[in-house]
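Please treat every number below as a calculation from the coordinates, not as lab data. Since this is a predicted model, take the numbers as computed values, not measurements. Because the Cβ atoms are built from the backbone with ideal geometry, glycine has one as well, and the counts that use them run over all protein chains shown.
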Amino acid sequence: MAFIFRGSLCASVCANCTLPLSNVLVRLYRAEDAKLTAAAPKLTQRILSEAEVAAKADRLIGEAHTTADGGYEVIVNQSSDESSYDGGPVEIDVRFIAADLSQRDGVDGTLQVSLTVLQPSWRQREQGYISVWNHCLSQRFWCQLLEQLDLWIICGQVTDCETQQPVTGVKVEAYDADWLQDDYLGVATTVGGGQFHIWYTRADFETTIFPAIDLELFGGPDLYFRVSTPGGIPLLEESQSDGRASGREDVGHCFCVNLCVEEPVAPFENPYFYQVGDFNIAADIDTTTGLTLHSKGSHAGPNYGFFSEVKLKGYCPKTLPLDPSKVMHYRFLYIDPAAPAVEVPITGDLIGTATQEVVVGARVVPWDQFDTGLTDTYQDIVIRGSGIASTPDLPPPFPGPPPHGPIPPHILIPDADGWVRVDQLAVDNGFQGSLMRFRTNKAFPDGSPVDAGDTAGDPPTAPRNGRLVTIIFETATDPTDPLTYDRQLLEGKIYVNNWREMRLLDLQQFVVGVSGSCTPISNDVNINYTVDHELLHSWGLSIISAASPTVPPLPSGTGPRGANSGIPGFHIDVSDSTNWPSCSYSVILTARRSLTTGETDDDADNTRVTFCK
């Protein structure tokens, strides 16, 4: 039975900024000195030399990369080998690769850190023995590691100066104030909570027009910032003098900053489509491939595609900014690369049914819910694909004498061309956030990839791929008059793949002869498996049983396209009646795709075959 060691890792950049450790390698070793299990990690953590890493290689029992949110899962399969792991103390190491950690190309640097020696608290579950360990590196130790890797990080937050509310979806650029030229350090877009992270290296702020002269007289850069909307409208423009101010000069490898903008809403007076789920269409998605560049809001990671139902987010005001007498309408269209000349409006069942809805705004209207008199009450504004629309720009009718009960939503139904009229009672001057649901699984149903003749153990006869979909945003003051149409130049590009992964599993003993799945197996098990998907995140085989056998390491993997066993499959000798007693056993093939809706990621699915002995 497998030992499954999971948890999450993070690092403290400063007192109010914690960073998930994504794209790092967690390594488990058999403990060399079990007495250290009583020591706190701050007493045992240290940077290892490459010689020390090599010296402990024969004690390595498992490793796994962390996900975008810092989560990890190391699976250690038992075997009949005398050196098999038996659940005892482990050394927990983390290996950092600068380029993976910072998601920057051309960055060198690798180091391994020994964190602690731990006796896991194992709990038996269906899938194996499970133990959980979460840990966050201290600010002092984390910044020391960054210094060794020649990495620098800025952790910040953007808020509204007046309300102190976080401002999301704006672009933050960092600069170093030099005597002859300013160095551009990097850019990031604020996410939930108005937070942003910018990674850079010494080379970014030591570059000068005189290569032989280093004008950075002290250790670190002198930082100042500029904040703008996705469309480039300035919200905050600091200058070199801000970089010379106390607290901004000669900063270290870890730096935190709070920035505030005076009028964060003003730039959004013009309509703008800027996100698919939590992913900015300009900063978080590769405009060539349509795949995500990195994780966002603890979702996805590099090279994820999109699937199922996605939310298209942006802003549309109630009226034309230059003419308040004209009511605004908006719509989304998409282009299938198989028909590049056809622009399809997102409307009807591409949005949802008469009961499916997406909240696009709110209104404040009089309502008496509890027979306490009319009071101002927030009412959701929702879009449905079909049904009966509410009367525009008017409060909802009372259903009868008070109490009126919970307030129903204000319902908008796009027309046949996808146009949505912005309700004039909407708060915040319009709709901001989710503007439309796009059911990609309706536009591209895809489905099961299994073709007639596909058999467990063989490669798929026709591997399935997705497609790069273009999303267009338009506004108008009169949907019947194309002369009033205004099309956003920046288009959304997302890679959509709704194919389910291929998971084929069988036992060769059930395929040949007349044994059948009800006949006990005595000596050999040959596992035939095929797992495939264009954007496969991870897959693996496991065996569970009440008998708790020592199972040899089973095939697993990460990355696209998966694998197949080849007939007669992966062989396991089960003739040892001590290790494999008479019992029922389940062989499980688990797989997960690198797909996201922008707000939730694909879950792992499994297929299983049971045999008796």
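Order these by the 10 Å Cβ neighbour count, fewest first: 294, 329. Provide the component values of the computation, followed by the final result.
Numbers: 294 17, 329 23.
Fewest-to-most Cβ neighbours within 10 Å comes out as 294, 329.
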Label point distance in nm, residue 372-residue 15, each placed 7 Å from Cα along Cα→Cβ
3.9
Span per principal axis, largest first, for the Cα atoms of the stretch 270-496 (Å):
70, 41, 33
Cβ neighbours within 10 Å, averaged per peptide: list 313-320, 397-404 in order, most packed at the top.
313-320, 397-404
Isolated cysteines for the chain, Cβ-Cβ cutoff 4.7 Å, are 316, 518, 583, 612
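In whole angstrom, how long is each semi-axis of the equivalent ellipsoid of the stretch 281-334, when you take the square root of 5 times every eigenvalue of its Cα gyration tensor and sort them from largest down?
Details: eigenvalues 198, 27, 23 Å².
Ellipsoid semi-axes (Å, largest first): 31, 12, 11.
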Approximate spin-label separation residue 105-residue 603, in nm, with each point projected 7 Å along Cα-to-Cβ
3.8
Computed lengthening from residue 429 to residue 398, 0.36 nm per intervening residue step minus Cα-Cα distance
8.6 nm
Just list whichever of 171/493; 442/493; 42/171; 318/493; 296/326 have alpha carbons separated by over 29 Å in the model shown.
42/171; 296/326
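Is the C-alpha gyration tensor of the chain telling us rounded, prolate or oblate? Criteria: a/c under 1.5 is rounded; beyond that, a/b larger than b/c is prolate, otherwise oblate.
Taking the square roots of the gyration eigenvalues as a ≥ b ≥ c, the chain is oblate.
Place a +1 charge on the Cβ of each Lys and Arg in the stretch 502-612 and a -1 charge on the Cβ of each Asp and Glu, then give the dipole magnitude about the Cα centre in debye, rounded to the nearest 20. It would help to have the intermediate numbers written out before the result.
Numbers: 5 positive and 11 negative charges, 30 e Å.
Magnitude of the dipole: close to 140 debye.
If I take R0 = 30 Å and measure r between the Cβ atoms of residue 582 and residue 125 in this structure, what FRET efficiency does the formula 1/(1 + (r/R0)^6) give, to the nearest 0.05? Write down the numbers at each step before the final one.
Working: r = 23 Å, r/R0 = 0.77.
Between residue 582 and residue 125 the formula returns 0.85.
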Dmax and Rg, reported as Rg then Dmax, of the stretch 3-143 (C-alpha, Å):
15.2, 48
FRET efficiency for residue 563 and residue 147 from the Cβ-Cβ distance with R0 = 51 Å, rounded to 0.05, comes out at 0.80
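Please give the charge dipole size of the chain, origin at the Cα centre, charges +1 on K and R Cβ atoms and -1 on D and E Cβ atoms. Round to the nearest 20 debye. Present the calculation step by step, with values, prior to reporting the outcome.
Values: 41 positive and 78 negative charges, 339 e Å.
Computed about the Cα centre, the dipole is about 1620 debye.
Place the peptides 466-474, 580-588, 366-374 in order of packing, highest mean first, counting for every residue the other Cβ atoms within 10 Å and averaging per peptide. All intermediate terms of the calculation are to be shown ahead of the outcome.
Numbers: 466-474: 20.0, 580-588: 16.4, 366-374: 13.1.
Going from most to least packed, we get 466-474, 580-588, 366-374.
For Cα pairs less than 8 Å apart in space and 6+ apart in sequence, what is the mean separation divided by the residue count of the stretch 441-520, i.e. the relative contact order in percent?
Values: 89 pairs, mean separation 28.1, N = 80.
This gives 35 percent for the stretch 441-520.
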Length gained if residue 258 through residue 336 is fully extended, taking 0.36 nm per residue and subtracting the Cα-Cα distance, is 23.8 nm
Taking the C-alpha atoms of the stretch 243-383, how large are the radius of gyration and the largest Cα-Cα span, Dmax, in Å?
21.1, 63
So for the chain, averaging the separation of alpha carbon pairs under 8 Å that are six or more residues apart and normalising by length, what relative contact order in percent results?
11
Mind ordering 114-126, 49-61 by average Cβ neighbours within 10 Å, highest first?
114-126, 49-61
Spin-label point model (7 Å from Cα, Cβ direction): what's the residue 465 to residue 163 distance in nm?
4.6
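Using 0.36 nm per residue, how much length does the chain from residue 550 to residue 448 gain when fully extended, once their Cα-Cα distance is taken away?
Result for the pair: 33.3 nm of gain on full extension.
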